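Everything below concerns the one structure shown next.
The values are calculated or read from the model by the stated rules, or taken from the named source; none is laboratory data. Owing to the predicted nature of the structure, the values given are computational and were not obtained by experimental measurement. Here Cβ is always computed from backbone atoms with ideal geometry, including for glycine, and neighbour counts include all displayed protein chains.
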């Protein structure tokens, strides 16, 4: 099996992660950095510091040929230390918990605890471990929600800008995440063994560059400044080792965004519980002096439960006005955990 690593990022200050909800301004933030954003950050920083343009083109070509150099999850919050141990949070599965399918108390659990389950955003890794193994989790969820809330706080900061023509000042607000001292953002990366286009040295090289440039939105205003990073083999963390070592199942729980490559198999039995995220925005390129809007695309969201076996693709979202420069891609490969089927066929 290819090696899986945990990358923990520490931030010197607040972080701005824009929301997926259309029509909401900068005051709204979310607690997930999508896998395609992390991928773009890795590739753009690599292109800025690499002296060999062909190496980056070769890396992207490997992805498009199906010879996947690496897979990544989205970025989630963690807390803890080497001394005390780390607590990792993952997306709540979009399928109801096993407690709701209990033969005698399922309906009662759904009625009494449904709201609390819906309010949960990210859950502890050990809670997820029990959830995907068809174990009851309602008692754990309340404590998981409380501990997650202690890892960070959200600030709505007023800011202003000045019109260049009229010189009138306009007030707007930006949402910022402040991490507790022991907290930050982590993601997993699975690097293909004997890969010639990407390895651990490449990853460290890129992360050192990211420390200078930051991550997330509004980096030009000083937000998202990375103070340092740590890389740990997932096998050295007992919680990740046991969950990544679970046997393969018919269904999977997504820890990343996912695009299957086509819509031919978008049928209910392949996607019993899912969310969709519309990914759009502006092209940022270290090698191109223009900024234009990229094409949008729909992806399956983190926490979706799928039966799809295709690995996913890099989605070409190159805008027509960008022709003549280079291709622009959205990362849509899956990074998933096996989940036992405990729900009834009536649900599908």
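Please determine whether any residue of segment 37-55 is under 19 Å from residue 132 (Cβ atoms) and surrounded by 21 or more Cβ atoms within 10 Å (Cβ to Cβ). No, because not a single residue in segment 37-55 is under 19 Å from residue 132 (Cβ atoms) and surrounded by 21 or more Cβ atoms within 10 Å (Cβ to Cβ). Does segment 217-228 include one or more residues that are under 22 Å from residue 338 (Cα atoms), exposed (fewer than 15 other Cβ atoms within 10 Å of the Cβ) and at pLDDT below 70? No, the conditions are met nowhere in segment 217-228.
Of all residues in segment 327-348, those that are touching a helix residue (DSSP H, G or I) at 6+ places or on another chain (Cβ under 8 Å) and modelled with pLDDT under 75 total 1. Counted as qualifying within segment 3-93 are no strands (runs of 3 or more DSSP E), as none has 2 or more residues that are at pLDDT below 80 and over 22 Å from residue 302 (Cα atoms).
Go through segment 199-217 and count every residue that is assigned to a loop (DSSP other than H, G, I, E, B) and more than 20 Å from the chain's Cα centre (by Cα). The number of residues fulfilling the criteria is 1. Residue count for segment 192-208 satisfying the condition of being in contact with a helix residue (DSSP H, G or I) (Cβ under 9 Å, 6 or more places away or on another chain) and either buried (at least 19 other Cβ atoms within 10 Å of the Cβ) or at pLDDT below 90 (or both): 8.
Against the list (1) surrounded by fewer than 18 Cβ atoms within 10 Å (Cβ to Cβ); (2) part of a strand (DSSP E or B), the condition residue 235 fails is (2). Answer yes if at least one residue in segment 262-270 is surrounded by 13 or more Cβ atoms within 10 Å (Cβ to Cβ) and at pLDDT 70 or above, and no otherwise. Within segment 262-270 (the criterion being surrounded by 13 or more Cβ atoms within 10 Å (Cβ to Cβ) and at pLDDT 70 or above), the answer is yes, since at least one residue qualifies.
Got a number for residues in segment 112-136 being buried (at least 20 other Cβ atoms within 10 Å of the Cβ) and outside any helix (DSSP H, G or I)? Qualifying residue count, segment 112-136: 3.
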